[in-house]
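Report on the following structure.
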Amino acid sequence: MTAADNEEQRASGRRILISGGSSGIGLAAAERLAATDRVWILGSSTSSVEAAVRHSAAPFTGSSACDLADHDQIDAAVDEVAARLGGLDAVFVNAGIDGQGVPAQDLSLDHFRRVLEINVLGAFALARAGLRHLDRPGTILFTASVNAVKPEVDFLDYNASKAAVVSIAKTLALEVSHQGVCVIALCPGYFPTPMTNAYLDDPAISEELLSRIPARRFGTLDEIAETVDFLLSPAARFMTGAVLTLDGGTNL
């Protein structure tokens, strides 16, 4: 297939907006999707977005920075992306931050508030803005976490935020599925990302984590990118309202 053929295929592909698209799960999904679709990545900072574009060989249609704690900025960013792409077919609401990693009695309320601001309110604000531009049929896919269905000790803030994301996804599915919008919550386990590498690279922590996973391994970014590709496809549209774990059995 020639470069012209690839460009023609992308021009007729899905128009997809991905938050948290400059690293980890978001970047892995964006790189896979960009081969056949028009993909716009959002990152938390201009530097992170520029670095992702510079180091990736994927033909992203566009990229920009957006502070998910600033809801006006979210609205403006999504408006711009939709205008540039001529609408949206899917929004992958993927960006998030980690918990403090301390017992609940030691949890900083300021950190808890920040986690909720980004992981919950930011996720909802992005989905709400995306819905205004989403062509029907279309898809809103949220990245939640296995922690939403099986809480982890010392991560009350993160657990609560991801449980809220699941609730948002299920409620939106109730409200908009009849309009032709598929809403799904994906609950990953441990994958090698900037958020989890500190745990996975520590031999003691890694061994303890693996003991909780029936598959006795961590996921790969190729696996989750392939899953995201499917969940954003027409074949998955009747899965609206689903809460799916991708965790090697951690949820059991």
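Structural remarks
- Over the range 3-246, relative contact order from alpha-carbon pairs under 8 Å, at least 6 apart, %: 19 percent
- Tail fraction, Cα-Cα pairs, the range 13-52, threshold 13 Å, whole percent: 43 percent
- Under a model in which nothing but the beta-carbon of Lys, Arg (+1) and Asp, Glu (-1) is charged, the range 164-252 shows a dipole of about 340 debye around its Cα centre.
- Qualifying GluC sites (Glu not before Pro) for the range 32-139 [loop in DSSP, other Cβ within 10 Å: at most 14]: none
- Longest site-free stretch - the chain; sites: trypsin sites (Lys or Arg not before Pro), DSSP loop, at most 13 other Cβ within 10 Å: 1-215
- The chain: most fluctuating residue of Thr227, Thr240, Thr143 per GNM, C-alpha cutoff 10 Å: Thr227
- Screening the chain for DSSP H helices whose Cα atoms reach 18 Å or more along their own axis and whose mean Kyte hydropathy is at least 0.0 gives 156-176.
- Computing FRET efficiency as 1/(1 + (r/R0)^6) for Ala58 and Thr220, where r is the C-beta to C-beta distance and R0 is 22 Å, gives about 0.80.
- Structure-based [θ]222 nm, the chain - -39500 (n - 2.57) summed over DSSP H runs of at least 4, per residue, nearest 500: -13000 deg cm²/dmol
- Charge dipole magnitude, Cβ of K and R +1, D and E -1 - the chain, Cα centre, debye nearest 20: 680 debye
Any read-out appearing in this document is the output of simple, stated calculations on the displayed coordinates, not a laboratory observation. Here the structure is a predicted model, which is why all the values come from computation and not from measurement. Here Cβ is always computed from backbone atoms with ideal geometry, including for glycine, and neighbour counts include all displayed protein chains.
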